[in-house]
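Enquirer: This is the structure I have questions about; it appears just below.
Derivation of every value follows stated rules applied to the coordinates shown; laboratory data play no part. Just so you know, these numbers come straight off a predicted model, no measurement behind them. Here the Cβ positions follow ideal geometry from the backbone for every residue, glycine too, while neighbour counts run over all protein chains shown.
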Amino acid sequence: MSVLCMEELFPEASPVEIKRTKAYLEQYKEKKQKVAFFERNPPETDKQKSRQAVLIKFTSLVERAVGEILQSDVKAVIEYRFIKGNSRAATIIKFSGWDYCDKTIDRKITEGITSVANTLLYLE
C-alpha cells in the first residue's frame, strides 16, 4: 500500500514526456535568445507581449528544473550541453577530463533529461 502511495505522490515521467523534455532542452538556447531580444526591444503589440510571456515561462521552467538536478556531475553536463547550448561533441570533450568515456557522458545526459522531465511534472 505504501509503495502505491509513493508512486502517486512522486510520479515518474513517461518515455513520451522524457522525449518531449529533450526537445525542450534542445530549444532552450534559441528561446532564451528570443527572451533577450524582447528585453532589448520591448514588445509593442499584444501578440508580442503574449509571445514574450510564453517564452519567459518556458525558459524559467527549464531553468528551475535543471536547477533541481541533485547530482552535481549530471547538472554540470546538462548545463553545459543544453543551457549553454553546446554540441554533444563539445560536451564530451569538455568532460573528458573527468575520465569519463563518451558513453558515460551520454548516460549523464540521459539521467539529466529524465530528472528534468520528472521535475517538470510538478512545475507545469
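Enquirer: Does segment 105-124 hold any residues that are surrounded by fewer than 16 Cβ atoms within 10 Å (Cβ to Cβ) and either polar (S, T, N, Q) or in contact with an Asp or Glu (Cβ under 6 Å, 6 or more places away or on another chain) (or both), and which are they?
Expert: Correct list: THR110 only.
Enquirer: Hey, another quick one. With the condition being small (Gly, Ala, Ser) and closer than 16 Å to LEU120 by Cα, I'd like the helices (runs of 4 or more DSSP H) fully within segment 1-109 carrying at least 1 qualifying residues.
Expert: Working: elements: 2-9, 15-40, 46-67, 72-78, 88-95.
Output list reads 15-40, 46-67.
Enquirer: Still on this structure: Kindly indicate the residue of segment 6-18 that is in contact with a helix residue (DSSP H, G or I) (Cβ under 9 Å, 6 or more places away or on another chain) and among the charged types (D, E, K, R) and also farthest from ARG81 (Cα to Cα) among those meeting that condition. Let's see the steps before the verdict.
Expert: Taking segment 6-18 first, the residues in contact with a helix residue (DSSP H, G or I) (Cβ under 9 Å, 6 or more places away or on another chain) are 10-14, 17-18.
Filter once more, keeping what is among the charged types (D, E, K, R): 12, 17.
On the way: GLU12: 23, GLU17: 19 Å.
Taking the candidates together, the pick is GLU12.
Enquirer: Do any residues in segment 75-93 that are of a type in the set (Gly, Ala, Ser) have Cβ atoms under 7 Å from those of residues that are surrounded by 13 or more Cβ atoms within 10 Å (Cβ to Cβ), where the two are at least six apart or on different chains, and which pairs are they?
Expert: Cβ pairs passing all conditions: GLY85/LYS29.
Enquirer: Same structure, new question: Scan segment 48-59 and report the pairs whose first residue is under 12 Å from PHE37 (Cβ atoms) and touching a residue at least 24 places away in the same chain (Cβ under 8 Å) and whose second residue is basic (Lys, Arg) and part of a helix (DSSP H, G or I), with Cβ atoms within less than 6 Å and a gap of 6+ or a chain change.
Expert: LEU55/LYS31; LEU55/LYS34
For (1) closer than 19 Å to VAL116 by Cα; (2) among the hydrophobic types (A, V, I, L, M, F, W, C); (3) buried (at least 16 other Cβ atoms within 10 Å of the Cβ), each residue gets a yes or a no:
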| residue | (1), (2), (3) |
| --- | --- |
| THR45 | no, no, no |
| LEU55 | yes, yes, yes |
| THR59 | yes, no, yes |
| GLU63 | yes, no, no |
| GLU68 | yes, no, no |
| SER87 | yes, no, no |
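Enquirer: Looking only at residues in segment 27-43 that are among the charged types (D, E, K, R) and touching a helix residue (DSSP H, G or I) at 6+ places or on another chain (Cβ under 7 Å), which one is farthest from ILE113 (Cα to Cα)? Write out each step before concluding.
Expert: At the first step, the residues of segment 27-43 found to be among the charged types (D, E, K, R) are 29-32, 34, 39-40.
Filter once more, keeping what is touching a helix residue (DSSP H, G or I) at 6+ places or on another chain (Cβ under 7 Å): 31-32, 34.
On the way: LYS31: 18, LYS32: 18, LYS34: 23 Å.
Looking at the filtered set, the residue picked out is LYS34.
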